[in-house]
Structures are given as C-alpha cells and as structure tokens.
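Structure first, then comments.
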Amino acid sequence: MAEEYLSCVPCTRAIVVANEKGGSGKSTVAIHLAIALMKAGQSVATIDLDWRQRSFTHYVDNRLAWSRQREKELPTPDHVCFDEEAEYLAPEQEAAGSDAFAKTFAALASEHSYIVIDTPGHNHYLTRLAHSMADTLITPMNDSFVDLDVLGSVDPETFSIAGISHYAQTVEDARRMRRDAGKPDIDWIVLRNRLSTLGSRNKRVVGDALQELSQQLRFRCIEGLAERVVFREFYPRGLTAIDNLDEITLGTRPTMSHISAQMEVQGLLAALLGAPAETVDQALQADAA
C-alpha cells in the first residue's frame, strides 16, 4: 500500500525522526532541526504523529506562547498534529488513516521545501508509512545497550553484534518500498544522544557496536547532544539552542552552558545536513543579525 503513496509524493525533502523506544530525544532533535532549517532560509512544516504524548506539538505550542509573552518573534514552523486516534481506531480503517496522512503531507509539501516528522516510540502503521516517505531518517538513541537493542543484539561476553533487531527490519522494509517505487535510498543517520562528556568503557563499547552495525545496516553514525540541563529547561518555553539566546529571549541571563549547547547543536546540524560547520554558523548568524 505504501508504494502507491510514494508514487505521488511531491519533491519536498522529508526528514523523519524515529526510534521504537521512548525517551531518546526525538522531539528535541526534531524541533532543533526544524528551527535551524528555517533560520537558514528554508520553508519548513512539521508533523507530530505521536497523538498520545504530543511532545513535539507541546514544544511548538510552548514556543508560540513564550513568543507572545516576551513580545519577541521566534521563527516557528507550520505545524500539524495528526490526531489519528480520533477517527481511525479500527484496523480496517488503516487505509483511511493512511489516505488522510498522505493528503496532509501532500498539502504541506506543496508549500514547503522541508517537512520534519516526529514519530511515537512504538510500531504503528503511520510510522511505517512515514519511514517509506523519508528522504532522511534520523534515529536518536541514548548511549546505552538498552537503546542499542532496538537496532541489534550483542554477545554478552564480547559485546560484538549477535543479531539484527525489529526496528532495523522496519527500516529495511521501508527501503524496499522506496526501491520498488523507484525512489532514492533513505539516508539513515543514527544519532548518539545524551552523551557523557567523560570517556568511559560503556561509551567505547557502545560506539564499537554501532560502528559494526553501521556496516550491516548502512547508516551513518554521528555524535548528538550531550547530557545538559539547559536542553531540559528549553522545553517549557519552546526554545532551542540555536535561537538568539539573549536575556529577553531566555528570560534569564545566558551562561556558558547555553553557549556550549549552541556550539554543539551547530556542529550536529552540520553533520545532519552535510554542510561545513562554518557554513551553518554563518547562516544562523546572518538570521540573528
């Protein structure tokens, strides 16, 4: 069924942030990426498929409310929360839900150059459809064997890869659908999130396992965001580390932690977008000016 939707997808770049595990930082990555693209001059729409948790939607709502409260304009994407639960509860109604999602996607794609989609932390038919539409798939994961388990299992003695897990098969199915529809392969990026700033044996062995998996599953592995309190503090105000973090915007005086987070996100965005870090920095600085 996904093949017929792929055949009519407009020429808009779809970035899907997904992982069949909650708490990996999907919504934080999605909002940072969306705002960064807007600050670089792109037209961006966002879709929240997690109709129960709605973290992405709440993040956008918080951003709009804080912008009004501070009387300062903050770039915000055109956002849709796809409320699948309300209309498409029964399995036989999946076709209607898929059609509705495809129409929503097409309507947004007709007016935007990028669509960033946040997904729930479980296997769902709309999540699978979104995977098949993804030009870029970003899978954030905490730096632990618990999170690694959604990609592959490891030998308990050697920590080498012993098998491929369920989520990796979901991505492979989406890749097959794209091949059958004559679409380019998904650029899959696994993002090591909430990294410790200190070296450790766990960090090393998880990294080694991911490198081994990247060869089998054909993904790029890059380092994501460190474990910083400021990222948690951004959420109630809908802010990101790449906003103009002055005292008016933040509601408090900026600290070195804010500056460190900003530099870290700029490096991350450069890796995600395949652009030199200085190019991303120049684009963001130009927007701030």
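The values are calculated or read from the model by the stated rules, or taken from the named source; none is laboratory data. All values reported here derive from a predicted model rather than from experimental measurement. With ideal geometry, Cβ positions are generated from the backbone for all residues, glycine too; neighbour counts draw on all protein chains shown.
Structure above, values below:
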read-out: Tally, over region 37-59, of residues that are closer than 17 Å to Asn244 by Cα and touching an Asp or Glu at 6+ places or on another chain (Cβ under 9 Å); value: 4
read-out: Conditions (1) modelled with pLDDT of 85 or more; (2) more than 20 Å from the chain's Cα centre (by Cα); number of the one not met by Ala289; value: (1)
read-out: Yes/no for Thr104 being of a type in the set (Ser, Thr, Tyr), outside any helix (DSSP H, G or I) and modelled with pLDDT of 90 or more; value: no
read-out: Odd one out for Leu191 among (1) of a type outside the set (Phe, Trp, Tyr); (2) closer than 24 Å to Ala270 by Cα; (3) surrounded by fewer than 18 Cβ atoms within 10 Å (Cβ to Cβ); value: (3)
read-out: Number of the condition not met by Ile117 [criteria: (1) among the aliphatic types (A, V, I, L, M); (2) assigned to a helix (DSSP H, G or I); (3) touching a residue at least 40 places away in the same chain (Cβ under 8 Å)]; value: (2)
read-out: Those residues of region 168-212 which are under 22 Å from Ile15 (Cα atoms) and in contact with a strand residue (DSSP E or B) (Cβ under 7 Å, 6 or more places away or on another chain), in sequence order; value: Ala168, Val171, Ile186, Asp187, Trp188, Ile189, Val190, Leu191, Arg192, Asn193, Arg194, Leu210
read-out: In region 163-197, residue modelled with the lowest pLDDT [restricted to those that are in contact with a helix residue (DSSP H, G or I) (Cβ under 8 Å, 6 or more places away or on another chain) and of a type in the set (Ser, Thr, Tyr)]; value: Ser196
read-out: Residue ID - surrounded by the most Cβ atoms within 10 Å (Cβ to Cβ), chosen from residues in region 63-76 that are of a type in the set (S, T, N, Q) and closer than 14 Å to Leu250 by Cβ; value: Ser67
